[in-house]
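S.K.: Okay, here's the structure, questions in a sec.
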Amino acid sequence: MTIDALNAVCPYYTMYPLSFPISVLNKNGRKGDWVLDPFCGRGTTNFAARMLRMPSCGIDSSPVAAAVARAKLVYATPARVVACAKSILQQKGSPRMPSGEFWELAYHPETLADICRLRETLVTSASSATRVLLRAIILGALHGPRPKGRPSYFSNQAPRTFAPKPRYAAKFWRDRGLLPTKINVLDVIADRAARCLSDRPPDVDGHIILDDSRRAEVFRDIPPPAWVVTSPPYYGMRTYLPDQWLRLWFLGGPDRVVYEQPESQLEHTSADHFAQQMAMVWANVLQLASERTRMVVRFGGIHDRDVEPMDILRTSLRSSGWRITTARAAPDAETGRRQVRQFQSFPKKGVTEYDVYCCPS
């Protein structure tokens, strides 16, 4: 399994390693089995299913997650993606650009103009495979470190997995005298397209739904899955959307951080309430399941919540009609990118994550 560059099209800090769904599906699944991920995030499970020629469906309430995941299920040549970007950038007229200190320090004005021109077109129309891929490539290049060699991101010095908060970022850049340099946006897109699309993954049926998986009607037209492989948000982690605010902006959102949690996100008011919400999702999945359906859930926790993560998961599964058959510590959780790590330079040792295998009761 070597064609995995497309899976890295956009860094996303809550991703689990591709090896997790690959190992589950490769060992137990069969070609043609439908795979479901009701918390699909950036689509790692869906990409793994595609590589194994298994059709899949993913659901996520984050526009950023859905946009990135959709790119994992389509294909266009690098030349077509670059030609599409070039065509958009050659359009006449001045795009509407955000203003303020953050934007002046984050991007060179000519670079920001190109980004905004691409944004205006892709917010309006991004249904073709070429535009789905172009959008994901741009999302991955919006912010990141400034290398010594050829640029690979559009921004001034920044993290690549989450967007810096405007006030902190502006102070960081001012204190260090870091000014944004002019970036050839088309060159960065071309380099990334060549890297992500040099090999063509198998053509397999699959789709991503941008919605709230607690809603039963979301599952209405999904084929019965043989496998459900997923990792829900961990209790206490509520910053998914604020931490992706720049990518949300590119997808049509506001040009500022919005901290209010939308109704589509799981609520974290208490561990019991969180378990009840997860149980709603598991119950929806169960309505699609057959006797042979198996579900594998990777779950863990964060240090600032005084609660045992496995107690939350057990409660949610038991009350929704699923029976745990096996639970074991995730072998790659400490070395892979974990939800619990997030952005700390020197993170604490992670709370143990578990892979929990379930079947209908």
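The values are calculated or read from the model by the stated rules, or taken from the named source; none is laboratory data. Only a predicted model underlies this, so the values are computations on that prediction, with no experimental measurement involved. We place every Cβ from the backbone using ideal geometry, glycine too, and count neighbours over all the protein chains shown.
S.K.: Can we say Pro254 is at pLDDT below 95, under 27 Å from Leu139 (Cβ atoms) and part of a loop (DSSP other than H, G, I, E, B)? Steps first, answer last, please.
M.R.: Working: at pLDDT below 95: no; under 27 Å from Leu139 (Cβ atoms): yes; part of a loop (DSSP other than H, G, I, E, B): yes.
For Pro254, the condition - at pLDDT below 95, under 27 Å from Leu139 (Cβ atoms) and part of a loop (DSSP other than H, G, I, E, B) - is not met.
S.K.: Here's another thing I want to ask about it. Would you mind finding the one in Ala48, Ala76, Ala65, Ala83 that is surrounded by fewer than 19 Cβ atoms within 10 Å (Cβ to Cβ) and among the aliphatic types (A, V, I, L, M)?
M.R.: Details: Ala48 fails: surrounded by fewer than 19 Cβ atoms within 10 Å (Cβ to Cβ); Ala76 fails: surrounded by fewer than 19 Cβ atoms within 10 Å (Cβ to Cβ); Ala65 fails: surrounded by fewer than 19 Cβ atoms within 10 Å (Cβ to Cβ).
After applying the criteria, what remains is Ala83.
S.K.: Condition check: part of a loop (DSSP other than H, G, I, E, B) and within 21 Å of Leu197 (Cα to Cα). Does Phe154 satisfy that?
M.R.: Values: part of a loop (DSSP other than H, G, I, E, B): yes; within 21 Å of Leu197 (Cα to Cα): yes.
So Phe154 fits the description; yes.
S.K.: Against the condition of a type in the set (Gly, Ala, Ser), farther than 26 Å from Arg256 by Cβ and under 19 Å from the mean Cα position of the chain (by Cα), how does Gly58 come out, does it pass? Walk me through how you get there before you give the answer.
M.R.: On the way: of a type in the set (Gly, Ala, Ser): yes; farther than 26 Å from Arg256 by Cβ: yes; under 19 Å from the mean Cα position of the chain (by Cα): yes.
So Gly58 passes the test.
S.K.: Name every residue in region 223-250 that is buried (at least 18 other Cβ atoms within 10 Å of the Cβ), part of a loop (DSSP other than H, G, I, E, B) and out of contact with any His (no Cβ under 9 Å at 6 or more places or on another chain), in order of residue number.
M.R.: If the condition is that a residue be buried (at least 18 other Cβ atoms within 10 Å of the Cβ), part of a loop (DSSP other than H, G, I, E, B) and out of contact with any His (no Cβ under 9 Å at 6 or more places or on another chain), then Pro225, Ala226, Ser231, Pro232, Tyr234, Tyr240, Leu241 are the ones that fit.
S.K.: In region 265-273, is there at least one residue being within 23 Å of Gly58 (Cβ to Cβ) and among the polar types (S, T, N, Q)?
M.R.: Here is the first cut: in region 265-273, the ones within 23 Å of Gly58 (Cβ to Cβ) are 265-268.
Among the residues that remain, those that are also among the polar types (S, T, N, Q) are: 265.
Yes, that holds for at least one residue.
S.K.: For region 261-274, indicate whether the set of residues that are in contact (Cβ under 8 Å) with a residue 60 or more places away in the chain, under 30 Å from Glu120 (Cβ atoms), surrounded by 22 or more Cβ atoms within 10 Å (Cβ to Cβ) and not basic (Lys, Arg) is non-empty. Lay out the reasoning, then the answer.
M.R.: At the first step, the residues of region 261-274 found to be in contact (Cβ under 8 Å) with a residue 60 or more places away in the chain are 262, 264-265.
Applying the additional criterion that residues be under 30 Å from Glu120 (Cβ atoms) yields 262, 264-265.
So of that shortlist, the ones also surrounded by 22 or more Cβ atoms within 10 Å (Cβ to Cβ) come out as none.
No: region 261-274 contains no residue that is in contact (Cβ under 8 Å) with a residue 60 or more places away in the chain, under 30 Å from Glu120 (Cβ atoms), surrounded by 22 or more Cβ atoms within 10 Å (Cβ to Cβ) and not basic (Lys, Arg).
S.K.: I'm trying to understand the selection: among the residues of region 30-66, which are over 20 Å from Trp282 (Cα atoms), of a type in the set (Gly, Ala, Ser) and not in a helix (DSSP H, G or I)?
M.R.: Passing the criteria: only Gly32.
S.K.: Give the residues of region 9-29 that are among the small types (Gly, Ala, Ser) and assigned to a helix (DSSP H, G or I), sorted by residue number. Full working, then the answer.
M.R.: The first filter runs over region 9-29 and keeps only residues among the small types (Gly, Ala, Ser), leaving 19, 23, 29.
Ser19, Ser23 - these are the residues of region 9-29 that are among the small types (Gly, Ala, Ser) and assigned to a helix (DSSP H, G or I).
S.K.: Taking region 216-252 only, how many residues are touching a residue at least 24 places away in the same chain (Cβ under 8 Å) and charged (D, E, K, R)?
M.R.: Counting residues in region 216-252 that are touching a residue at least 24 places away in the same chain (Cβ under 8 Å) and charged (D, E, K, R) gives 3.
S.K.: Further question: Tell me, yes or no, whether region 106-116 has at least one residue that is assigned to a loop (DSSP other than H, G, I, E, B) and surrounded by fewer than 24 Cβ atoms within 10 Å (Cβ to Cβ). If you could, list the steps in order and put the result at the bottom.
M.R.: Applying the first criterion (assigned to a loop (DSSP other than H, G, I, E, B)) to region 106-116 yields 107-108.
With the extra rule that they be surrounded by fewer than 24 Cβ atoms within 10 Å (Cβ to Cβ), the set shrinks to 108.
Yes, some residue in region 106-116 is assigned to a loop (DSSP other than H, G, I, E, B) and surrounded by fewer than 24 Cβ atoms within 10 Å (Cβ to Cβ).
S.K.: Please state which of the following conditions Ile88 fails to meet, knowing it meets all the rest: (1) of a type in the set (Val, Ile, Thr); (2) under 23 Å from Ser155 (Cβ atoms); (3) under 16 Å from the mean Cα position of the chain (by Cα).
M.R.: Answer for Ile88: the failing condition is (3).
S.K.: Look at region 121-175 and say how many of its residues are under 19 Å from Val68 (Cβ atoms) and among the basic types (Lys, Arg).
M.R.: 3
S.K.: Can you name the residue in region 175-207 that is out of contact with any helix residue (DSSP H, G or I) (no Cβ under 7 Å at 6 or more places or on another chain) and part of a helix (DSSP H, G or I) and is also nearest to Lys72 (Cα to Cα) among such residues?
M.R.: For region 175-207, the residue satisfying everything is Asp191.
Here's the yes/no breakdown for (1) at pLDDT below 95; (2) farther than 30 Å from Gln276 by Cβ; (3) assigned by TED's automatic domain parsing to the domain that holds Ala275:
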position	(1), (2), (3)
Gly149	yes, yes, no
Pro166	no, yes, no
Ala170	no, yes, no
Asp175	no, yes, no
Ala190	no, yes, no
Arg215	no, no, yes
Asp221	yes, no, yes
Pro225	no, no, yes
Tyr240	yes, no, yes
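S.K.: So Thr161 ticks every box in (1) closer than 23 Å to Tyr12 by Cβ; (2) assigned to a helix (DSSP H, G or I) but one. Which box is left unticked?
M.R.: Single failed check for Thr161: (2).
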